[in-house]
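Data first, discussion second: the structure below is written as structure tokens.
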Amino acid sequence: MNWLQTIRMALKAISNNKVRSFLTMLGIIIGVGAVISLVASIQGMATLSRLQYEAMGTNKITIYGNGLKSADWNDLEDTLSIDLKDRVKGWSPQRTYYDWQSKGVQYRSKVLANQKYTTNIYFGNQDYSTVTNMRIVSGRDISAADCARSSRVCIIGEAVRKYFFGAMSPLGQHIRIGGKSFEVIGVYAGKYGGKLNTGDQLVVLPYTLQPLMMEVSVYDSRNYIIQAQTKDDIQPIVDTINGKFKSRAGSNGYFECNSDAQFQEQAQASSNQLALLGGGVAAISLLVGGIGIMNIMLVSVTERTREIGIRMAIGARRRDIIGQFLVESAAVSCCGGLLGIALGCFGSAVIGNLLIKQQTAAMSGWMPDIEHFTVLPSLPLVLGAFLFSALLGIIFGLYPANKAAKLQPVDALRTQ
Amino acid sequence: MFFRKHSPPPPAEFDDSLLIDVQHLSKIYHEGKENEVRALDDISLAVPWGQFLCILGQSGSGKSTLMNILGCLDIPTYGIYRLGGQPVNEMRPSTLSGIRNREIGFIFQGFNLIPALTALENVELPLIYRGMPKAQRRELSITALEQVGLGHRLHHRPAEMSGGQQQRVAIARAVAAKPPIIMADEPTGNLDSASGREIMEQLSALNRAGTSIILITHDNHLAEMAERIVTIQDGHIVSDRPGKGGLS
């Protein structure tokens, strides 16, 4: 007797008892479905927050400080550019321009008024785009020369471009911010759908234009953003900067250099734990499903004792009988597993997309483009769930199958 | 492990001295207890190859127990049983399965067909366990069913057939692979007399073709069709005489 015959026989036995087989499978279906949709949703959420994090630039380090002398800040910039040259991919000062007069950004007669839409206006240097993971789609980036000469140029975000220029080329046009005029030299690719009131509504100016735009005092706090070459460079940079400059802030000042990479790692780790926990809880229902299979297989052995006797009388060996019942229970649980996978894919698509919608609403404006992001279970998860359910069928089928095979042919035949 | 593609157990190496050689065979249930039952008590019997033997006895005489032991479906409590010269007592369960599969064809009073399978599938089942390729076993099974006059009922399930037809399916199952021994336990017990006669004629024909037949019955009239009649009562052999089948 070969595999194919055994499987064919098992499928026949299952289809002879459709309702019962389906009810038996139900435990596995729900179990596998629950494991898959839970784990996939949690993994999906984790992926989502990682994407969100990466959209803002990877390997990012921030420096915030006040109370340092100009010489110290110059020293800091030198440290980043010279001492840490091999570890730092790029760095830029970052300062937000606050439009106190609420004039908004203007192009000719069009105004992006602050009352309705807040335009994020930043000062940065030639590395700013790199460090914040923004890509220029047309025109050019701010250059070192622009910073050195305090050129009155700017890069605009996709939302600003759309609002002011539509189909027209924005390059070479002048927009007005705080009453001053700036030439548009480049446009950033949209990262948040190119919509107003998102991260795409921004303007970046060379940082040397700060004194032109607002009063800058030596006491002002300063921000820097740094991109490390690799993940491993993050900690050495943070340690070097903190070690060198923290003490210079003075008793009234403050200085801190830190990275959110570790928080990100922690978040990832805790979401993995959550997935494990959720999957574990759902796996209990799988176990219950497995016990259901064992129960039904025991009933089936009892019901079919006579059939077992007949089979033995005409030459079935113990291994044939064991094989028959094992394959039968494995087939039930595999069918259940397959249906459960379908349920799990459906469930994770529904639950996952609900969660994403919620998350997107909560993160309004700072959610990167995720149009092609649907929560679907990963292949290892699906394969794992399937193999686990097959294993369940075999484990919980072993006892009934063994019970059947141990029957004496004559005793089995005597049963009515 | 559990599956090998064609894994018939090694056939027992039968010799041609005696088909059945039973010495001092006993089957005792609940031995040593108050409810001890001696179903068979010190039976000795020798059957040569090719014989049409009838074991005759009233119900409760132990004749079915004897057939179960002779058919390797049950194990004796005491005594030696040699089938074709081989000691059955010492055989492993898988070897016994192999003997039941290849050497013995069973016909039971209750037909013992598997209800979920069609006539053809029932007949094919022993051949499947033997590991016979599909085309060959299909051919053998259809031939066997045609021989018992059921060529037109291949795809009917037992419940869709009359008792006589079911018993003929069982016969087809027993003879499809042409085993050297047929054991029939009250094969006509559940049938009307016409169907019963038909079954008996088929058994006689098989015997004429060289098959050894062991028929178990309580029916004196039926027993006379055999070559030799062994009568059992309360677990003992009380007579051993030739039947009319042997004389004619």
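The values are calculated or read from the model by the stated rules, or taken from the named source; none is laboratory data. If you're wondering where the values come from, they're calculated on a predicted model, not measured in any experiment. Heads up, the Cβs are rebuilt from the backbone with ideal geometry, glycines too, and the neighbour counts pull from every protein chain shown.
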Check your understanding: Residues in segment B:238-248: is at least one modelled with pLDDT of 90 or more, among the hydrophobic types (A, V, I, L, M, F, W, C), touching a Ser or Thr at 6+ places or on another chain (Cβ under 8 Å) and surrounded by 21 or more Cβ atoms within 10 Å (Cβ to Cβ)?
Key -> no
A:A342 meets each of (1) closer than 23 Å to A:A13 by Cα; (2) at pLDDT 85 or above with one exception, condition (1)
- Task: Test A:I63 against the stated conditions and say whether it is part of a helix (DSSP H, G or I) and of a type in the set (A, V, I, L, M).
- Result: no
Pairing a residue in segment A:380-406 that is outside any helix (DSSP H, G or I) with any residue that is surrounded by 18 or more Cβ atoms within 10 Å (Cβ to Cβ) and not aliphatic (A, V, I, L, M), where Cβ atoms lie under 9 Å and the two sit 6 or more apart in sequence or on different chains, gives A:K406/A:R318
**OP:** Might you let me know whether segment A:107-114 holds any residue that is within 30 Å of A:G384 (Cα to Cα), more than 14 Å from every other protein chain (Cβ to nearest Cβ) and polar (S, T, N, Q)?
**Re:** no
In segment B:137-154, anything over 21 Å from the mean Cα position of the chain (by Cα) and either under 19 Å from A:R311 (Cβ atoms) or within 14 Å of chain A (Cβ to nearest Cβ) (or both) is listed as B:R138
Pairs returned, first residue in segment A:228-256 that is farther than 17 Å from A:D72 by Cα and of a type outside the set (A, V, I, L, M), second residue that is assigned to a loop (DSSP other than H, G, I, E, B) and modelled with pLDDT of 90 or more, beta-carbon separation under 7 angstrom, 6 or more apart or interchain, are A:Q229/A:R87; A:D233/A:R87; A:P236/A:R87
With respect to A:I351, is the statement that it is within 13 Å of chain B (Cβ to nearest Cβ), assigned to a helix (DSSP H, G or I) and modelled with pLDDT under 90 true?
no
By residue number, the members of segment B:32-51 that are within 15 Å of B:Y78 (Cβ to Cβ) and of a type in the set (D, E, K, R) are B:E36, B:R38, B:D41, B:D42
Q.
Being away from chain B (no Cβ under 14 Å), of a type in the set (S, T, Y) and not in a helix (DSSP H, G or I) is the requirement here; does A:T58 meet it?
A. yes
Within segment B:96-116, of all residues that are of a type in the set (D, E, K, R) and at the interface with chain A (Cβ under 8 Å from one of its Cβ atoms), the one nearest to A:T305 (Cα to Cα) is B:R100
A careful count of residues in segment B:83-122 that are in contact with a Cys (Cβ under 6 Å, 6 or more places away or on another chain) and among the basic types (K, R) gives 1
Subset of segment B:65-92, residues under 21 Å from B:I107 (Cα atoms) and surrounded by fewer than 19 Cβ atoms within 10 Å (Cβ to Cβ), comes to B:I75
Restricting attention to segment A:1-25, the residues that are assigned to a loop (DSSP other than H, G, I, E, B) and not hydrophobic (A, V, I, L, M, F, W, C) number exactly 3
Checked A:R306, A:R317 against criteria (within 14 Å of chain B (Cβ to nearest Cβ) and surrounded by fewer than 21 Cβ atoms within 10 Å (Cβ to Cβ)); the one match is A:R306
For B:P93, are the conditions met, namely being within 20 Å of the chain's Cα centre (by Cα) and at the interface with chain A (Cβ under 10 Å from one of its Cβ atoms)?
yes
Residue hits (segment A:1-29; more than 14 Å from chain B (Cβ to nearest Cβ) and either buried (at least 20 other Cβ atoms within 10 Å of the Cβ) or hydroxyl-bearing (S, T, Y) (or both)) are A:T24, A:M25, A:G27, A:I28, A:I29
Exercise for the section: Take A:N59 and decide whether it is over 30 Å from A:M312 (Cβ atoms), assigned by TED's automatic domain parsing to the domain that holds A:D239 and of a type in the set (S, T, N, Q). Expected result: no
Looking across segment B:22-49 at residues that are surrounded by fewer than 14 Cβ atoms within 10 Å (Cβ to Cβ) and at positive phi, the single one that is modelled with the lowest pLDDT is B:G32
For helices (runs of 4 or more DSSP H) lying entirely in segment B:147-234, having 3 or more residues that are crowded, with 19+ Cβ neighbours inside 10 Å picks out B:163-175, B:193-208
Confirm whether B:Q136 is in a helix (DSSP H, G or I) and touching a helix residue (DSSP H, G or I) at 6+ places or on another chain (Cβ under 7 Å). no
(request) Consider A:V332 carefully, then state whether it is part of a helix (DSSP H, G or I) and within 14 Å of chain B (Cβ to nearest Cβ). (result) no
Of all helices (runs of 4 or more DSSP H) fully inside segment A:103-189, the set with 2 or more residues that are out of contact with any Pro (no Cβ under 9 Å at 6 or more places or on another chain) and over 25 Å from A:V88 (Cα atoms) is A:158-165
